[in-house]
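**Q** First the structure, which I've put down as C-alpha cells, then a few questions once you've had a look.
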Amino acid sequence: MHLFFQQLIPKTTRLNLSHNQICVIENLHWLSNMVHVDLSYNNIERAEALHSKLGNLKTLNLAGNQIASLQGGRLTHIYVS
C-alpha cells in the first residue's frame, strides 16, 4: 500500500461508501479510528460483528441493503430500513 494511504487511512473517522454496489464488508482492520460509516444502498446481505472490527464505530448506516441479521454491539446509531 502506498505510504500516503498508510498514513491517511488510520486517521479517517468518517467514510461514505453509499450507492456503490458493495456486496461484502471486509478488510476493516485499516479503519480502526472509524466513527461514522455509511454503507447504505449497496448489495450487502450480512453485517456481522462490525462493532468488533471497527472498535470506535458509533454510527452505521446500512439502509437500503438486504440485511438478514445484524449484531450491533456498542453502536449508538444503526440505520437499517
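The values are calculated or read from the model by the stated rules, or taken from the named source; none is laboratory data. Keep in mind it's a predicted model, so treat the numbers as computed, not measured. Cβ: placed from backbone, ideal geometry, glycine included. Neighbour counts: every protein chain shown.
**Q** Is it true that some residue in the range 43-50 is of a type in the set (A, V, I, L, M, F, W, C), under 12 Å from the mean Cα position of the chain (by Cα), modelled with pLDDT under 85 and surrounded by fewer than 17 Cβ atoms within 10 Å (Cβ to Cβ)?
**A** yes
**Q** Going by the structure shown, is Leu60 surrounded by fewer than 17 Cβ atoms within 10 Å (Cβ to Cβ) and part of a strand (DSSP E or B)?
**A** Working: surrounded by fewer than 17 Cβ atoms within 10 Å (Cβ to Cβ): no; part of a strand (DSSP E or B): yes.
Considered against the rule, which asks whether it is surrounded by fewer than 17 Cβ atoms within 10 Å (Cβ to Cβ) and part of a strand (DSSP E or B), Leu60 comes out as no.
**Q** Here's a follow-up. Restricting to the range 14-34, what's the tally of residues that are farther than 16 Å from Leu70 by Cα and at pLDDT 90 or above?
**A** Here the count works out to 8.
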